[in-house]
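Read the structure below first, then the notes.
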Amino acid sequence: MDEVHYAPSVEVENLLTHHGISISIAGMPDHYEFYLFYKRPKRRRYLLGLFSATDADYTTEVHGQTLQQVALALQELLRHEYDALDQKVR
């Protein structure tokens, strides 16, 4: 018999700064793995750096996170520590 898998997710966003994280969980109860997605506005350069534009929903992700790492990322979002979050989720 095939097993049914479900990966619940939660998203938290600061509506004033437009920074947010999405957390998904996958795996079996004895070994969970967390996926962390970090969304924020970011200025992107293109055409050899001659032009730039702001991407309002620039998103990066990191997989294989522990519950402690995800909890720390959520605390950093709530404390507006965006530089620390940017370093973790590349």
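Please specify each residue of the range 13-25 satisfying the condition of being more than 16 Å from Thr60 (Cβ to Cβ) and either among the hydroxyl-bearing types (Ser, Thr, Tyr) or out of contact with any Phe, Trp or Tyr (no Cβ under 9 Å at 6 or more places or on another chain) (or both).
The answer is Asn14, Leu15, Leu16, Thr17.
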Practice task
Inspect all residues belonging to the range 29-42 and state whether any of them is of a type in the set (A, V, I, L, M) and under 26 Å from Leu78 (Cβ atoms).
Solution key: yes
Exercise for the section: Residues being more than 12 Å from the chain's Cα centre (by Cα), more than 28 Å from Gly27 (Cβ to Cβ) and outside any loop (DSSP other than H, G, I, E, B): count how many of those fall in the range 76-85. Expected result: 1
Exercise for the section: Just one of (1) of a type outside the set (Asp, Glu); (2) exposed (fewer than 10 other Cβ atoms within 10 Å of the Cβ); (3) under 19 Å from Ala7 (Cα atoms) trips up Leu47, so point out which. Expected result: (3)
Practice task
Would you mind telling me which numbered condition in (1) surrounded by 11 or more Cβ atoms within 10 Å (Cβ to Cβ); (2) hydrophobic (A, V, I, L, M, F, W, C); (3) touching a strand residue (DSSP E or B) at 6+ places or on another chain (Cβ under 6 Å) Ala7 fails?
Solution key: (1)
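Where a number appears in this text, it was derived from the coordinates with a stated rule and is not lab data. Note that this is a predicted model, so its numbers are computed, not measured. Reconstructed Cβ throughout: ideal geometry from the backbone, glycine too, with neighbour counts over all protein chains shown.
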